[in-house]
There are 2 protein chains.
Amino acid sequence: MYAVILAGGSGTRLWPMSRALFPKQCLPLAVGGRTLFQATVERVLGTVAEERITVVTHVDQAAEIRRQLALMGLKSVRVLAEPQARNTAPAIGLAAWQILREAGPDAVMAVLPSDHLIADSAGFAVLLRRAEAAASSCGLITFGIRPTGPETGYGYIRSGRALAGGLFAVEQFIEKPDSETAQRYLAAGGYFWNSGMFVFRSGALIEQYRALLPDMHAALSRIDAADAAACRNTYHGLASISIDYGILEKACGVAVLPAEIGWSDLGSWQACYQAADQDDRANSFTGRVCAVDTQGALIRSDARLVAAVGVRDMIIVDTADALLVCERSRAQDVKKIVDRLTAAGAPEAREHRTVYCPWGSYTCLETGARYQVKRINVNPGARLSLQSHRFRAEHWTVAAGEALVIVDEGQLVVRTGGSVAVPLGARHRIENKGPQPLIIIEVQNGDYLGEDDIIRYEDDYGRSLGPLQAMD
Amino acid sequence: MYAVILAGGSGTRLWPMSRALFPKQCLPLAVGGRTLFQATVERVLGTVAEERITVVTHVDQAAEIRRQLALMGLKSVRVLAEPQARNTAPAIGLAAWQILREAGPDAVMAVLPSDHLIADSAGFAVLLRRAEAAASSCGLITFGIRPTGPETGYGYIRSGRALAGGLFAVEQFIEKPDSETAQRYLAAGGYFWNSGMFVFRSGALIEQYRALLPDMHAALSRIDAADAAACRNTYHGLASISIDYGILEKACGVAVLPAEIGWSDLGSWQACYQAADQDDRANSFTGRVCAVDTQGALIRSDARLVAAVGVRDMIIVDTADALLVCERSRAQDVKKIVDRLTAAGAPEAREHRTVYCPWGSYTCLETGARYQVKRINVNPGARLSLQSHRFRAEHWTVAAGEALVIVDEGQLVVRTGGSVAVPLGARHRIENKGPQPLIIIEVQNGDYLGEDDIIRYEDDYGRSLGPLQAMD
């Protein structure tokens, strides 16, 4: 069996923790401090061999996804980076063609979002096996979550006649219902929440692309996902369409496999609150929290101290550069905040204070007049691009580890407590040759300190050279 | 006329903005971004000459008080630093004896807290003049605020027969009443809130110390406030007692001057909310706030973005290292948070991330394993003590300005973008000889990075030498 894990979402319903460049699946919301993405990978590892797992993500998030896989000690998981976000039909198609080429049309593939919570991993594994067994006769299987309440936030599936293996024929996919309709579905039975988890026979799936999305079928059949440039050109022309709308709602012979596996899509802070462990005052606290007479609150803090007095039924999420205080029943309206921030061009809508790169990460510690202080973390064995700046000089002090530094023609080793100056315009590069993480405190001085003041000359990660738009 | 401004309070009812080392009077809560202390000084400047103003503060806060005076361009205001906090009777006595020695027993002195808001400065000046005129016959005058509601948070004054100049004899000082009693006072009339503002004839006041606080009278008559060491020794033995309890409640012939001057003691975040300008949804926002459907909220942010959704009648105060979210009607319970933090030894109860010193300030930007990053701001013309550390090396990069640096026998000038290393154990000193503020980014490396790892050899500010307890 193969697994395709979709990790390209840019959802911001869990803002300010989730942002465009660091979305929900990358957050440590699963049990034991793992990210939702890591928990998803771990969940399939018992059923699917590591080298048969493909992750499809957006190119901006690929470095972080690879970093999280590396932290799990996984080296054979394939990561496909979409050059543009194009919804689920192109993403699943990209992986499906690759599986078809490698393993033929009878290969069975599970398609799994990476930003959901599943409490019952063992039950999920059992369902995966049952779906795999059923896929030879039913080529298109969707997992239907047995409703636990009249939810209006999900699409529903109406099931029809029973099939072998505990499956049912799908009669209809239904858009998110109003509250009354949802109540009726719950009372009637035979309705399931559309979870976005599928098991396909690859030949059957691609047959549907040909029948229902012929242009996309033609384009995808030409793409070699390993050829980044070709992929970029073709991908740009694909329609942005979901697999539900593009294929499943129109295809014949789709089956639903009922699932009771403690599923939550964590689609809002309210959903996170419901899925979280709560204390005897119905509070869920993460981080340093000091609360007086507080009930029904979800409080999460990255680092700072949060004090709450007389708080009732609220969400408080505190990150390095932004804070959310939200009445719990209004959690859906966090979207309005993100929309406003996006319209205003506020960086807090898009990125965190820490930005992950292929070689590590950088964090802005302080911005002043004509100076800026950053922490640069370089992973063992990694190096930044060879680069220069037009408007700023830099000064590096090594706070931990050992750096191999190039400045113009010179090369030197800088140890913990040592420092080196990079004059304006000098070509420079930092490399961590050591086994330990390298931490550098960078002080920038200059008239302009934007991330786009960078000219790249060489790069280990295939990023474009010359003047560019984002710090490497 | 003389003025004695009491600026030694360590109130934490406005935590997390107000802390023991950076109390309410130092906060920019007055109109135009000035601090309450600065607004208090400015208010008396029209009536009292600069060189007749004395500020009494705690030694830990004296540097910040001097800094705020310097920002106003005031150089002749006298600052008396109490070695220990001992409530208002010793603080007022310290200043009164000095005025007595300089100007004799007929000198009139206004005693003013520095952490109150007074909207009507002109009205206040008129009252000061009237009190001054009355002080030759009434030596002990207290300002009574005409109640605007049945407040239970203040002490009350019951007035008696009318005196000349619009004053009334005080019949009784009354402790904070319950709600029913406060209602009765309001209906009856003739009751005033005890504001803590006084006008005394110095001879009359000191006469009361002799009669009512004879031990304190004896001790204070011996103190020369200019002799720090002697002051420290004597002060230690003084009783910690308020001027209200120690003198005014027991003295004969106290008069009350009714005041309607837009007074607020800003004694809680609720009081700050009531005194603040509010928009048409009864919100008062300071800093970067993005609000959806929010009403009746006081939101203050130092630097970060605060997003509020569906927030009703709350206080949200966001500082660099701590956040408060509090139901507005529960503002008095902020004290419980501070008590808990103090009991737990949390630094957030006592100090801010930025700590002010006689020479400038330092701010912790980041603490890591075996390293710490600080911003050090050195005022023009100032220098830190000559010092060394036992457990840490330091590395300084100049982000702005120009530093004269001593490291052991060497001395060098480090300009913006330049850097210098201070090895473990080296004697070192930073001086800002230039006219601009000096900003240094310091990276510390070592096994122990506490503020108490410091040995002082020389100091411009008379602080104790040798190994010590707080960073200079």
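Quick notes on this one:
- Set of lysines near residue B:176 by C-alpha distance (under 28 Å), chain-local residues within fewer than 8 positions excluded: B:24, B:250, B:335, B:336
- Once the Kirkwood radius over Cα pairs is known for chain B, the Stokes-Einstein relation at 20 °C and 1.002 mPa s delivers a diffusion coefficient of 88 µm²/s.
- Shape of segment A:16-156, Cα gyration tensor, a/c cut at 1.5: rounded
- Working from Cα pairs under 8 Å separated by at least six residues, relative contact order for chain A is 13 percent.
- Shape of segment A:133-267, Cα gyration tensor, a/c cut at 1.5: prolate
- Segment A:1-142, accessible area per residue, ligands and nucleic acids excluded (1.4 Å, Å²): 34
- Residue A:188-residue B:461 FRET efficiency (beta carbon distance; Förster radius 60 Å; 0.05 resolution): 0.15
- Just so you know, the averaged projected area of the alpha carbon convex hull for segment B:2-264 sits at 13.1 nm².
- Of the residues making up segment B:386-404, those losing 20 Å² or more of accessible area when the isolated chain is joined by the remaining protein chains, with a 1.4 Å probe, are B:395, B:397, B:399.
- Exposure rank, largest accessible area first [B:72, A:109, B:1; 1.4 Å]: B:72, B:1, A:109
- When A:389, A:217, B:236 are compared by accessible area of protein heavy atoms, the largest-first order is B:236, A:217, A:389, using a 1.4 Å probe.
- Hits among lysines - C-alpha to C-alpha of residue B:433 under 22 Å, sequence gap 8 or more where chains match: B:75, B:374
- Probe 1.4 Å - accessible area at residue A:336, Å² to nearest ten: 100
- Each Cα pair under 8 Å and six or more residues apart adds its separation to the average, and for segment B:126-281 the resulting relative contact order is 33 percent.
- Buried area at the B-A interface (accessible, heavy atoms, 1.4 Å probe, summed, Å²): 4200
- The average projected area of segment B:354-467, computed from the convex hull of its Cα atoms over all directions, is 6.3 nm².
- Average Cα contact separation per residue, segment B:354-467, under 8 Å, 6 or more apart, as relative contact order %: 33
- Taken along the Cα-to-beta-carbon direction at a fixed 7 Å, the label points for residue B:413 and residue A:354 span 4.2 nm.
- With a cut-off of 14 Å between beta carbons, the residues surrounding residue B:449 carry a summed charge of -3, where Lys and Arg count +1 and Asp and Glu -1.
- Using a 7 Å projection from Cα along Cα-to-Cβ, the label point at residue A:450 is separated from the same position in the remaining copies by 4.8 nm, smallest value first.
- Calculated [222 nm] ellipticity per residue, helices only, for the protein assembly as shown: -6500 deg cm²/dmol; basis is -39500 (n - 2.57) per DSSP H run with n ≥ 4, divided by all residues, nearest 500.
- Sorted shortest first, the separations between the residue B:287 label point and its copies elsewhere in the assembly read 1.3 nm; each point sits 7 Å from Cα along the Cα-to-Cβ line.
- 11 Å beta-carbon shell around residue B:77, net charge (K/R +1, D/E -1): +2
- Carbon plus sulfur fraction of accessible area for chain A, probe 1.4 Å, in percent: 49
- In this calculation the C-beta distance from residue B:49 to residue B:148 is compared with R0 = 41 Å, giving a FRET efficiency of 0.80.
- Residues along segment A:337-363 losing 50 Å² or more of accessible surface when the other protein chains are present rather than the chain by itself (probe 1.4 Å): A:337, A:340
- Proportion of all alpha-carbon pairs of segment B:276-341 beyond 18 Å (%): 34
- Proximal charge balance of residue B:172 [Cβ under 11 Å; K/R count +1, D/E count -1]: -2
- Between segment A:257-332 and segment B:261-306, the C-alpha centres lie 24 angstrom from each other.
- In terms of its alpha-carbon gyration tensor, segment B:195-299 comes out prolate; a/c meets the 1.5 threshold, and the first ratio a/b outweighs b/c.
- Here the protein assembly as shown has an Rg and Dmax of 34.3, 108 Å, counting Cα atoms alone.
- Ranked by the mean number of other Cβ atoms within 10 Å per residue, highest first, peptides A:374-380, A:281-287 order as A:374-380, A:281-287.
- For residue B:245, the point set 7 Å out from Cα toward Cβ sits 7.1 nm from its twins in the other copies, listed from shortest up.
- Extension gain, residue A:343 to residue A:232: 0.36 nm times the residue separation minus the Cα-Cα distance gives 37.2 nm.
- For the pair residue B:391 and residue B:207, the difference between a 0.36 nm per residue extended length and the Cα-Cα distance amounts to 60.7 nm.
The values are calculated or read from the model by the stated rules, or taken from the named source; none is laboratory data. This structure is a prediction, so every number in the text was calculated from the model and none was measured. When we count neighbours, we look across all protein chains shown, and the Cβ atoms used for this are built from the backbone with ideal geometry, even at glycine. Surface areas here come from the heavy atoms of the whole protein model, side chains and all, with no ligands, DNA or RNA. Shrake-Rupley method; radii C 1.70, N 1.55, O 1.52, S 1.80 Å.
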